[in-house]
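Submitted below is the structure of interest, expressed as structure tokens.
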Amino acid sequence: MVNVLSYSFDFYAKHLRLILLFSISFLIAFIIPGLAPLPTYNDAGAIFIRTASIFVNLNAISASIIVASVFFSLLFLSFAIVAINILVKYGRIHTRIRKEIMDGLERYTGSTFAVLIAYAVILYLINMASFSIGHSGLFTYAAALILAPFFFYAPSSIVIDEKPVGRAMMASLRFIIKRFDYFLLWLAIAIVLITLFDFIFIAATGTLLSRYIMVVFNSLFILPFLVVLQSEMYMKRFALLKR
């Protein structure tokens, strides 16, 4: 685990400028739901959609806006995740990063986008199906937790192993089962980083302003590092890279 953290911090610091460039897509992905007329809220440095509120006064125009905003948000999110995973992959094997990004970026982004769309659609359908019984939030959270192992490492598998979507999801499940400690470590670091900087910005700027500052900081610094860490964890599957 120590090696994974060391590699992640070193790689993040070494390629910070390029990572920041790609992280602009994270920022766009989070801003889109906030700018669209959707029932959104800020919490823990991210923008969320109140899925249960979507059913209130929903019409064709509102539905179209929701679909379009989610579509483009997930597309930008996919692009950023793939770009950073490519940086990690080819940075570790000392291959020319710029050429490899241009060669595989579009294909990997399409596959990762399919993964994120599938996850979002499944959760939406579960939310919609359980809305009538009044426990949509509980069922959706439970489904998100159960399905997470299939999707967590899927983007890394798509880029690093060049697997198709279905096989990438199964590879994600197998890796989480094999190295569940990595997942717990990633989750702990994510909670600590978001909580720490959220507290710092609240103390420095107040509750209202800190929400928006945290969205920007989370998009440009915290989330990119977490993607690097996630990718480095997945790269530990290869024996030649375990040093």
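Laboratory data are not the source of any read-out in this text; all were calculated from the coordinates shown. All values reported here derive from a predicted model rather than from experimental measurement. A quick note on method: Cβ atoms are made from the backbone with ideal geometry, for glycine too, and the neighbour counts reach across all protein chains shown.
What list of ³J(HN,Hα) values in whole Hz, one per residue of region 76-84 in order, does the Karplus curve 6.51 cos²θ - 1.76 cosθ + 1.60 (θ = phi - 60°) give from phi, with Gly and Pro shown as x?
5, 4, 4, 4, 5, 4, 5, 4, 5
Kindly write out, for region 161-176 in residue order, the coupling ³J(HN,Hα) from the Karplus curve 6.51 cos²θ - 1.76 cosθ + 1.60 (θ = phi - 60°), rounded to whole Hz, with x marking Gly and Pro.
Each residue's phi maps through the Karplus curve to give 8, 6, 8, x, 4, x, 5, 5, 5, 5, 5, 4, 4, 5, 5, 5 Hz.
Something else about it: Can you work out the FRET efficiency for the pair ILE200 and ASP161, with r the C-beta to C-beta distance and R0 = 41 Å, to the nearest 0.05?
Details: r = 38 Å, r/R0 = 0.92.
Working from the Cβ atoms, E equals 0.60.
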